[in-house]
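Shown next, in structure tokens, is the structure this report addresses.
Please treat every number below as a calculation from the coordinates, not as lab data. Keep in mind that this is a model prediction, so the values were computed, not measured. Note that we place each Cβ from the backbone using ideal geometry, even for glycine, and neighbour counts take in every protein chain shown.
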Amino acid sequence: MDLTLKIWRQKDSRSKGSFKTYKANGISVDASFLEMLDILNEELVHKGEMPVNFDSDCREGICGACSLYINGRPHGPDTAITICQVHMRNFKDGSTIVIEPWRSKAFPVISDLMVDRSAFDRVIQAGGYVSVSTGGIPDANAILIRKENADEAMDAASCIGCGACVASCKNASAMLFVSAKVSQLALLPQGRVEAKRRVQKMVKQMDNDGFGNCTNTGACEAECPKEIKLTNIARLNREFIGAKLGAQKMKI
Ligand code: SF4
Ligand code: FES
């Protein structure tokens, strides 16, 4: 298939970016979207031009490194998959594809399609550690956990920290990400020990890093490749208010 690509090019965070148009001809429908970009980059290098910078690592939908808008949608045209899992059969021969980086003040562009998502790392770091000793495997199994809680905690833990929730939100809110990280521990007895301190510190760091507030548009849930549910945000709010009410006795 032959394609026209309109790709955001930006030298670094201080430079002004713009769209540049490229031709990608003879692309197999079986190629992945990132392989198509690899082919384009090989051609650019052969011509002595700078390749297009973009993030990827596992290319299996596991790590959360890949992060692109394709035709205005985070992670491209399909639902519940990352951009590294998108294949060219999703596009029509002869079509024009617009490729942009995540757009958010908290995720500054490093170069071209690559953004700095270290704000997410700082939120995780602010959450701190889990101090409870889980012991060996038989000990962990001895702690009874309701099936519903175990399932919901596992679902929340599937967040890969890709940032599509922030990129898709008109407020650049990180609430879906933070709520997943809070929920995966708050739902389990092992995570309750530091739960009050954890939720307050993570929310504080989220605000410090310039993420916006949630206004319940649901765009984050619709574009999340791991289908993290908005109910996690409701749990985050409950955990946060509960922690604030009980905070007088705690030194945060
Ligand atoms: S909540 Fe979904 S969209 Fe947001 S970082 Fe996690 S996996 Fe990505
Ligand atoms: S490259 Fe790892 S999830 Fe896409």
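Assigning unit charges at the beta carbon (Lys, Arg +1; Asp, Glu -1) and nothing else, what dipole magnitude in debye, to the nearest 20, does segment 1-99 show about its Cα centre?
Details: 12 positive and 13 negative charges, 119 e Å.
For this selection, approximately 580 debye.
Could you please rank Cys162, Cys214, placing first whichever residue has the fewest other Cβ atoms within 10 Å of its Cβ? Mind showing how you got there, number by number?
On the way: Cys162 27, Cys214 21.
Lowest count first: Cys214, Cys162.
With everything on Cα atoms, drop me the angle between helix 195-208 and the longest principal axis of the chain, reported from 0 to 90° to the nearest 10.
40 degrees
What is the angle, in °, between the Cα long axis of helix 231-245 and the longest principal axis of the Cα atoms in the chain? Nearest 10 is fine, range 0 to 90.
40 degrees
Over segment 3-111, what portion of Cα pair distances is larger than 25 Å, expressed as a whole percent?
Values: 957 of 5886 pairs.
Tail of P(r) above 25 Å: 16 percent of Cα pairs.
Which lysines have a Cα less than 30 Å from the Cα of Lys20, not counting those fewer than 8 places away in the same chain?
Lys20 reaches Lys6, Lys11, Lys47, Lys92, Lys105, Lys170.
If each of Arg146 and Val193 carries a label point 7 Å out from its Cα toward its Cβ, how far apart are those two points in nm?
Modelled inter-label distance: 2.3 nm.
Determine which residues of segment 46-86 fall in the zone a paramagnetic label at Ser158 would reach in this model, i.e. backbone nitrogen under 11 Å from the point 7 Å along Cα→Cβ.
Backbone N within reach: 80-81.
Of the peptides 238-245, 139-146, 170-177, 75-82, how do they stack up when ordered by the mean number of other Cβ atoms within 10 Å, highest first? Could you put the intermediate results ahead of the total?
On the way: 238-245: 15.0, 139-146: 10.2, 170-177: 23.1, 75-82: 18.8.
With the highest mean Cβ count within 10 Å placed first, the list reads 170-177, 75-82, 238-245, 139-146.
If you place +1 on the Cβ of every Lys and Arg and -1 on the Cβ of every Asp and Glu, how big does the dipole about the Cα centre of segment 157-252 come out, in debye to the nearest 20? Write out the running numbers ahead of the final one.
Working: 15 positive and 7 negative charges, 118 e Å.
Approximately 560 debye in magnitude.
For a label point 7 Å from the Cα of Ser15 along Cα→C-beta, name the residues of segment 84-127 whose backbone N is under 14 Å from it.
Correct set: 109-114.
Using a 10 Å cut-off around each Cβ, can you sort Lys47, Lys181, Lys11 from fewest to most neighbouring Cβ atoms?
Lys47, Lys11, Lys181
Measure nothing fancy, just the Cα-based angle from helix 33-46's long axis to the longest principal axis of the chain, in degrees from 0 to 90, nearest 10.
It is inclined by approximately 50 degrees.
List residues of segment 96-137, by number, whose backbone nitrogen lies under 19 Å from a label position 7 Å along Cα→C-beta of Asn213.
105-106
Give me the number: length gained by fully extending Ile137 to Asn171, i.e. 0.36 nm times residue separation minus the C-alpha to C-alpha distance, one decimal in nm.
Working: separation 34, 0.36 × 34 = 12.24 nm, distance 4.28 nm.
Extra length available between Ile137 and Asn171 comes to 8.0 nm.
Starting from one equal scatterer on each C-alpha and no solvent at all, send me the Debye-based log10 I(q)/I(0) for the chain at q = 0.12, 0.14, 0.15 Å⁻¹, two decimals.
-0.75, -0.94, -1.03
Okay, helix-only estimate at 222 nm for the chain: each DSSP H run of n ≥ 4 adds -39500 (n - 2.57), divide by all residues, round to 500 deg cm²/dmol; what do you get?
-11000 deg cm²/dmol
Quick check: Cα centre of segment 45-89 to Cα centre of segment 189-210, how many Å?
Each part reduced to its Cα centre gives a spacing of 31 Å.
For Asp38 and Thr231 in the same chain, what is the full-extension length gain: residue separation times 0.36 nm, less their Cα-Cα distance, in nm?
Numbers: separation 193, 0.36 × 193 = 69.48 nm, distance 3.81 nm.
Roughly 65.7 nm would be gained on extension.
For a quick check: sort Met202, Met154 by the number of other beta carbons within 10 angstrom, fewest at the front.
Details: Met202 26, Met154 12.
With the fewest neighbours first, Met202, Met154 line up as Met154, Met202.
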